[in-house]
Amino acid sequence: MTNTQLTDHFYSAFQKLDYASMQACYATDAVFQDPIFGLLNSEEVKAMWEMLCQNAQDFSLSFSDIKTTDAEYASCRWIATYTFSATGRKVVNDIQAHLKIQNGKIVEHTDYFHFWKWSRQALGISGWLLGWTDFFRAKVSYRAKKNLLKFMLSKNNSKR
């Protein structure tokens with residue numbers, strides 16, 4: 001599978017909320033980073049996609065502009081539209097993804113988006129007033145990571 005095909009496969013699976021197919025695109029030692037969750041290891045990123053797909057409300061996704069810069073790097077633009085579960089507010093998040101791919105698997109995945117734009121949509125007035133501050137961003141990231149770890153713990157407990 002080429003890097004373009006892998007990127008297309010990943011985001012096509014995301015459109016269907018098929019987190020298992022998304023997880024299969026990652027190497028066992030992959031890392032992920034974005035403005036909300038920060039830096040995640042392979043286990044965490046796989047759990048993040050599962051959590052987000054399972055909790056998705058009014059979700060749609062489009063992706064375009066898949067580009068490969070060399071044998072290891074691909075990028076694309078994706079736009080997720082959904083209802084943010086914590087507030088019930090509609091969000092349209094425009095994201096630029098950068099992927100490092102080795103041996104047909106994603107080893108590094110970084111998503112860039114404008115946090116303040118996201119926070120205004122997702123969190124309303126508090127996001128509009130404080131979304132540009134490092135303190136607020138850290139608070140949102142802390143809560144997201146805490147929710148992810150709680151999700152991972154509940155999954156592990158249900159396997160017992």
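A short reminder: the numbers here are calculations on the coordinates, not readings from a lab. Everything quoted here is computed from the prediction, not taken from an experiment. Quick reminder, even Gly has a Cβ in these numbers, built from the backbone with ideal geometry, and neighbours come from all protein chains shown.
Laid out as a table, the results:
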| quantity | calculated |
| --- | --- |
| Dipole moment magnitude, nearest 20 debye, segment 37-130 about Cα centre, only Lys, Arg, Asp, Glu C-beta charged | 340 |
| Centroid-to-centroid separation of segment 12-67 and segment 96-160 [C-alpha atoms, Å] | 11 |
| Acute angle (nearest 10 degrees) that the helix 42-55 long axis makes with the longest principal axis of the chain, alpha-carbon atoms | 60 |
| Cα lying deepest toward the dipole's positive end in the chain, options 104, 73, 122, charges on Cβ | 122 |
| Bins of 10 Å from zero: percent of alpha-carbon pairs in the chain | 10, 39, 36, 14, 1 |
| Estimated [θ] at 222 nm from DSSP helical runs (n ≥ 4, -39500 (n - 2.57)) normalised by residues in the chain, nearest 500 | -14000 deg cm²/dmol |
| Crossing angle, helix 3-15 versus the chain [Cα axis fit, 0-90 degrees, rounded to tens] | 40 |
| Contact order relative to length of the chain, as percent, for alpha carbon pairs under 8 angstrom and 6 or more apart | 22 |
| In Hz, Karplus ³J(HN,Hα) per residue of segment 104-118 (6.51, -1.76, 1.60; θ = phi - 60°; x = Gly, Pro) | x, 10, 6, 9, 9, 9, 10, 10, 10, 8, 7, 4, 5, 4, 4 |
